[in-house]
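*Asks:* Pasting a structure below so you can have a look.
The values are calculated or read from the model by the stated rules, or taken from the named source; none is laboratory data. This is a predicted model, so every value here is computed, not measured. Ideal geometry is used to build each Cβ from the backbone, glycine not excepted, and the neighbour counts take in all protein chains shown. Side chains are part of the model used for accessible areas, which takes the heavy atoms of the whole protein and leaves out ligands, DNA and RNA. Shrake-Rupley method; radii C 1.70, N 1.55, O 1.52, S 1.80 Å.
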Amino acid sequence: MSEDRPSVQREVGWRRALAALCIGGTASACMHAAGLPQPPLSFAVDMSRAQTVIDAEFEIKEEAFYAFNLVYPFKVDDKGDRARAVRLAGAPVQNSTTGRWDAPGADLQVRLSVQALSADGRTAHSIHDSDTSQPRESSATPDKLISRLAAVKLQPGRFRVKLINQHDAPTYRGARMEFSIVRAYVGK
């Protein structure tokens, strides 16, 4: 019976190895079949340092306008956190001294580029390039302010987006921010 034990262990070892190969191959095939991520997409970003870069590829399945936004989330019950988001996003705030509505926003210089990629991802052509100085709030939800950098009409296909912070922005140090790509709301 002791002679059977090594052969059983070898058999179990081969089965485990074969299962690992099959599972690994299946996982790889699933990941390849899944393709690139699709909007809505969101990336946490630290905009306090120059040359901060978001560089991502994504896929569009349906022709539409897509918005490229900076998002300033805040805690709903925290007035200080909301005030920070308002200060950074350039949301309108009434000046208590003058009574005027100001929307200063924090200094921020960003470059946004969107490229259409060939099916194999090897060649690209530019479909949008813009520089934005002091992005302003364009919309809000109960827990975030949004500054739209661009709305671009995209056809089905593969794309690459690149967002670069061009200068140091110390006002943004420690701020929670996101860069998002969502289907744009373009009215009724």
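*Asks:* Quick one: in segment 169-188, of everything that is over 24 Å from residue 80 (Cβ atoms) and in a loop (DSSP other than H, G, I, E, B), which residue is least open to solvent (accessible area, probe 1.4 Å)?
*Replies:* Ranking the candidates gives 184 first.
*Asks:* Specify the residue that is farthest from residue 176 (Cα to Cα); the eligible residues are those in segment 57-112 that are assigned to a strand (DSSP E or B) and touching a helix residue (DSSP H, G or I) at 6+ places or on another chain (Cβ under 8 Å).
*Replies:* Across segment 57-112, the extreme among qualifying residues is 93.
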